[in-house]
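One structure is given below, encoded as structure tokens.
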């Protein structure tokens with residue numbers, strides 16, 4: 001998606017450890033117009049998949065999932081990283097390792113929110129090693145639902161997550177795939 005790539009080049013910053021900082025338009029402050037445009041891209045790609053729910057993981061994927069859910073006109077669900085008094089004890093749960101936070105979280109989804117008949121679109125902001133996606137896929141499968149597709153805003157193509165998820169047969173649509181970071185510059189994979 002050209003407008004996302006242009007925004008990454010203009011406003012993204014490469015930090016030590018192959019971390020891309022896009023907090024001024026994706027994961028701290030949100031550009032709603034850009035998110036709507038990304039949601040439309042996912043809709044155009046997945047519109048024939050009979051999506052019944054969208055799922056993401058808190059926190060950074062929620063904004064993009066909501067705009068995508070609005071376009072699909074389906075509910076949006078997010079896996080919670082913390083236990084709250086409002087979350088039922090009857091949950092699907094799995095462990096997810098965060099590459100940027102270097103922490104393992106137990107994420108949970110109330111069993112009432114996800115059903116065996118659901119066709120689920122997973123949405124997230126980043127894909128690096130695929131840990132968050134593996135966790136969300138696990139939750140969807142625990143519910144007996146189907147992963148109908150996966151939408152990622154930014155994929156780090158030089159890390160193994162995208163290749164791993166695609167090799168397992170999932171329909172993965174990344175809107176910007178980074179081939180490498182070179183001397184502080186961002187190089188996109190032009191073949192994908």
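A short reminder: the numbers here are calculations on the coordinates, not readings from a lab. Keep in mind that what you see is a predicted model, and the values were worked out from it rather than measured. Because the Cβ atoms are built from the backbone with ideal geometry, glycine has one as well, and the counts that use them run over all protein chains shown.
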Asserting the computed 222 nm helical MRE of the chain (DSSP H runs at least 4 long, -39500 (n - 2.57) per run, divided by residue count, to nearest 500) equals -8500 deg cm²/dmol
Helix 62-72: inclination vs the chain longest Cα principal axis, degrees, rounded to 10, gives 70 degrees
The distance between the Cα centres of region 92-139 and region 55-73, in whole Å, is 13 Å
Row for region 46-155, column shape: gyration tensor on C-alpha, a ≥ b ≥ c, rounded if a/c < 1.5 i.e. under 1.5, prolate if a/b over b/c, else oblate; value oblate
Relative to the chain, whose Cα atoms define the longest principal axis, helix 2-11 and its Cα axis are tilted in degrees, nearest 10, by 70 degrees
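What ranking, highest mean first, results for peptides 63-70, 22-29 when packing means the other Cβ atoms within 10 Å averaged over each residue? Can you show the working numbers first?
Details: 63-70: 22.8, 22-29: 17.1.
Ranked from most to least packed, the peptides come out as 63-70, 22-29.
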Here the percent of antiparallel bridges among DSSP beta bridges lying wholly in the chain, to the nearest 5, is 45 percent
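I need to check one value: relative contact order of region 61-142, counting alpha carbon pairs closer than 8 Å and at least 6 residues apart, in percent. Write out the running numbers ahead of the final one.
Values: 86 pairs, mean separation 26.7, N = 82.
Once divided by the residue count of region 61-142, the mean separation gives 33 percent.
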Candidates 34, 136, 15; GNM for the chain (alpha-carbon contacts under 10 Å) flags as most fluctuating 15
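Could you line up 147, 76 from fewest to most neighbouring Cβ atoms inside 10 Å?
76, 147
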Fewest to most Cβ atoms within 10 Å: 174, 185, 3 sort as 185, 3, 174
Calculating volume of the Cα convex hull per residue in Å³ from this structure picks out, from (i) 124; (ii) 114; (iii) 188, entry (ii)
So, relative contact order of the chain in percent, Cα under 8 Å, 6 or more apart, is 19 percent
Final fewest-first order of 175, 164 on the 10 Å Cβ neighbour count is 164, 175
Candidates 53, 101, 40; GNM for the chain (alpha-carbon contacts under 10 Å) flags as most fluctuating 101
With Cα coordinates, the longest principal axis of the chain makes an angle with the long axis of helix 131-142, in degrees rounded to 10, of 20 degrees
